[in-house]
Amino acid sequence: MSDPAASRAGAGTGTGENVEYRVAHLRDRLAAEELGELGVRAEVRAGAVVVTGTVPSAQCRDTLLRVVGEELAGLTVHSDIVVAETARPDRAEEL
């Protein structure tokens, strides 16, 4: 599932090495900031960057997508970021 807010149209600028460098820089930035423990993955697949993972809140997802947009501007990015459900169940579980 792609998130239109995180997708950037157009082909990658520069060589594949440049894309790999930018993805590595994104990984470093995510690890250094408050998003470091989220287990988000970024990898190059078929000429696009794919960002996947699970985050605890919509706010974290928005922050993550903002950082991805800043680091990978001009590249094609597909995101599959899931927001973990933290609300109480609406009914009892039957065992």
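The values are calculated or read from the model by the stated rules, or taken from the named source; none is laboratory data. Nothing here was measured: the structure is a model prediction, and the numbers come from that model. Here Cβ is always computed from backbone atoms with ideal geometry, including for glycine, and neighbour counts include all displayed protein chains. Areas reflect the complete protein model, heavy atoms only, side chains present, ligands, DNA and RNA absent. Shrake-Rupley method; radii C 1.70, N 1.55, O 1.52, S 1.80 Å.
Let me confirm something: among HIS25, HIS78, which residue is assigned to a helix (DSSP H, G or I) and either open to solvent by 40 Å² or more (accessible area, probe 1.4 Å) or modelled with pLDDT under 75 (or both)?
Testing whether each residue is assigned to a helix (DSSP H, G or I) and either open to solvent by 40 Å² or more (accessible area, probe 1.4 Å) or modelled with pLDDT under 75 (or both) leaves just HIS25.
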Practice problem: Report, by residue number, each residue of the range 62-84 that is over 15 Å from ARG29 (Cα atoms) and of a type outside the set (A, V, I, L, M). | Solution: ASP62, GLY74, THR76, HIS78, SER79, ASP80
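Take the range 82-95 and flag every residue that is over 27 Å from the mean Cα position of the chain (by Cα) and open to solvent by 100 Å² or more (accessible area, probe 1.4 Å).
Selection gives PRO89, ASP90, ARG91, GLU93, GLU94, LEU95.
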Exercise. Identify the residue in the range 28-75 that is touching a residue at least 60 places away in the same chain (Cβ under 8 Å) and not small (Gly, Ala, Ser) and, among all such residues, is most open to solvent (accessible area, probe 1.4 Å).
Key: LEU65
Quiz item: What do you reckon, is SER79 over 10 Å from the mean Cα position of the chain (by Cα) and hydroxyl-bearing (Ser, Thr, Tyr)?
Solution: no
